[in-house]
1. Determine, from the Cβ-Cβ distance of residue 2 and residue 29 and an R0 of 30 Å, the FRET efficiency 1/(1 + (r/R0)^6), rounded to the nearest 0.05.
2. When the helix-only estimate is applied to the chain (DSSP H runs of n ≥ 4, each -39,500 (n - 2.57), divided by the residue count), what is the mean residue ellipticity at 222 nm, nearest 500 deg cm²/dmol?
3. Given the options 136, 61, 73, state which has the largest fluctuation in a GNM of the chain using a 10 Å cut-off (strictly under) for Cα springs.
4. Describe numerically, in nm with one decimal, the distance between label points set 7 Å from Cα along Cα→Cβ at residue 119 and at residue 53.
5. Using θ = phi - 60° and the Karplus curve 6.51 cos²θ - 1.76 cosθ + 1.60, what whole-Hz ³J(HN,Hα) does each residue of segment 11-20 get, with Gly and Pro shown as x?
6. Using a Gaussian network for the chain with springs between C-alpha atoms less than 10 Å apart, which of these wobbles most: 97, 87, 20?
7. For the chain, just run the numbers: alpha carbon Rg, then divide by 2.2 N^0.38 Å, N being how many residues it has.
Amino acid sequence: LVWAVIYAAVWFVVRARYDLLTRTIDELRAERDKQTRFVANASHELRTPLHAIIALHEELAHSGVVQEHHAAALSTLTESSDTLLSLVNRLLDLAHLDERRSVLQRAATDVRAVVQRACNTAAAAHRRATVTHAVAARVAARKRQAALRATTGDTAVV
């Protein structure tokens, strides 16, 4: 009789822990599935406008109407859109891995090419920051000129 009571008590505790563990695993799987769906949906939602940007950029680049001083900005746009598309594609690949629709494969990697792409990305970011700073400086100068005109009443100040 004592063994039956001990067995029943242990069975009750083990069963309760098993049920809790099963519910926790089910909740974690549901959360992982929600996260995977979110990443996949976000990737697709980012791709659509990005492809429109790339298409317009390519049309502009091949139209022959690009001024020489805009060529650097066009180059930065190319590098940035390629980098962003690569990131979005990687997000989508991760979502597919989570859904077990893809399998990782080992492949030889050209480290120099990876480092070169990283350097190009950093250079593009630096150019964007430089352009942003130059534009901000011009805007600030124009605001100062406008304020000066407003206080002096002089419309000839440039």
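Every number here is computed from the coordinates shown, using simple stated rules; none is lab data. Please read all numbers here as calculations on a predicted model, not as lab measurements. Cβ: placed from backbone, ideal geometry, glycine included. Neighbour counts: every protein chain shown.
1. For residue 2 and residue 29, the calculated efficiency is 0.15.
2. It lands at -31000 deg cm²/dmol.
3. 136
4. Those two pseudo-labels are separated by 2.6 nm.
5. Using θ = phi - 60°, the values come out as 4, 4, 5, 4, 5, 4, 5, 5, 4, 4 Hz.
6. Residue with maximal mean-square fluctuation among 97, 87, 20: 20.
7. 1.95
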